[in-house]
C-alpha cells in the first residue's frame, strides 16, 4: 500500500526537526557544563568528576560561593540561655525547603526548674505547626500544674494528656463552627456558617489549623529527669561520651510511622479486620500520608458524615489543599479516627556521660539514614557528627551542614556516594527547584548538657562572657510559659435535655 505524500512529508519533517532539536539540546548542555567549570575555577574549587548521566543527575542548580552557603545555613540559627543547672545552652537552627517553611520549634521554661523544648513538623501547610508551637507548651505547663505528678509514670501520663487535650480542642473548635446535625445540612448551611461567623477571618484560621497537620516531638527536662513525648515521625536522641572517649547516640522514644512494622500493626488493630488491607498502603495511611500520629489532619478524624456533608464546602482555598485526593480518603473511610495525637512517652535518667539532647524533624533523619529512615543507624551517625568540629559554631547548624554532606544522595536511583566537593554538593542541596522534591524542611534543636558539678551561674552561656561566640547566632533568654490566656476552645455548657435531644437527632 503506497504511503500518502502528506504522511511521508510529515514524517521526514518530524525526523529532521528531531535531529535539529537534539543538536540544540546538546549544544545547550555542553554550554551549561562549560559555564559550571568556569565558575568552579573562579571560586578556586576543584570540581569532582561526576557522570551526570550514570547518576541521572542532570537537574539544574546554581553554584554558590562558600560565603553564600554559610549565610544560607546560618540565617535562622540562635542560642537560648536558660537558668537551669543542668543546661549549658539550647541551640536551634533551621533550613527551609517549603515556602513558607512548615517546620516550627519552641523553647520555654516550665516553673522554676523545668524546660520544655519541641520541634514541630507541619504538612499541607504551616498553620497547625505555628499554632502548636505556642499552644503545646501552655497545655503541658497547665496540665503539670493541675496534676502535680510526683512519679515518672505520672509525669508521662500528664504529658500524654496535654497532647490529647490540645488536639481535642482543635477538633471541637472546628466542629463548633458548623450546624450540630450535619446530616440535615446542605452546602449553603456550611458556607453560611463560615461567612456569617462573627469573625470570618478567625473561623477560616480555625479551619486551616484543623485541616493542616503537624507532628510534635517535645522533651520536658526536670533536673536529671528527661521525658520525651513524640507524636509522628520526628525524633529525639541522647548523645553520650563513654568513658573510653567514644560517642554513642540512642533514640529515647520511638516514632509513630506506618512504615514501622510495629506501629503499622498497632494502627491496623484499631479497626475491623476487613479494613486491614486498605489502612496502610505503600507505608502510608490510605497510601497518602506518611505519618502515624499528628495534630490537626482532621480529614482523617471527623465523623463519617462530615466527609461529604462538610469538608467539600469549607472555603475553597482551604479545601483545594487536599481536594485532589479527598476521594481516596472517602472510599476507605469507615471507622474513624485513623490518626491520633496521643504520643509515645518515655523517661530517661540523665547521667554525667550524657552530653547532648538532639531534637530533629524528619528532614534531618532522612539525610542520615536515607535508605531506611526508621533504622537506628541515623542515631549513631548523629552522635558521631556532633562530636566532630566543623566551620559552624552553633551545634544545630553544624548538624544540618554535616547531614547534608553525609553522603551525596541520588534517591531516585538508590545511589549514594561520599562527597568529594562540599561546595558543589551544598550548592545542589540548597538551590535545586522545587526544593521539596530533593529534601525536606530541616529543624534541629540541640540541648547542651553540663554535669551537676559544673552547674553554677557563671557556667551558663552569657553574651558578656568573653567565651561567648557571636557566630552561634543571636542570644535569646528562655521565657516562662504564659498560661494566662486559657485553652483555645472552651465548650459551652448545655443542659441534659438539649444533649438528649441532639443525641437522638
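Give me 327, 197, 348 ranked fewest to most by other Cβ atoms within 10 Å of their Cβ, as a rough exposure proxy. Walk me through the numbers on the way to the answer.
Numbers: 327 9, 197 14, 348 20.
Result, fewest neighbours first: 327, 197, 348.
Fully extended, how many nm does the chain gain between residue 266 and residue 389 (0.36 nm per residue separation, minus their Cα-Cα distance)? Mind dumping the intermediate values first?
Working: separation 123, 0.36 × 123 = 44.28 nm, distance 4.13 nm.
Value of the extension gain: 40.1 nm.
Just want the ordering: 267, 299, from fewest to most Cβ atoms lying within 10 Å of their own Cβ.
Working: 267 22, 299 26.
Fewest-to-most Cβ neighbours within 10 Å comes out as 267, 299.
What is the fewest-to-most order of 231, 151, 134, 82 by other Cβ atoms lying within 10 Å of their Cβ?
Working: 231 31, 151 9, 134 15, 82 21.
Final ranking by Cβ density, sparse to dense: 151, 134, 82, 231.
Which log10 I(q)/I(0) values does the range 138-215 give at q = 0.15, 0.16, 0.21 Å⁻¹ under the Debye formula, counting every alpha carbon as one identical point scatterer?
-0.66, -0.71, -0.92
Once each part is reduced to its C-alpha centroid, what is the distance from the range 67-113 to the range 246-320 in angstrom?
The range 67-113 and the range 246-320 have Cα centres spaced 29 Å from each other.
Every read-out reported here was derived from the displayed coordinates using simple, explicitly stated rules and does not represent laboratory data. What you see is a predicted model; the values in this text were computed from it and never measured. Here Cβ is always computed from backbone atoms with ideal geometry, including for glycine, and neighbour counts include all displayed protein chains.
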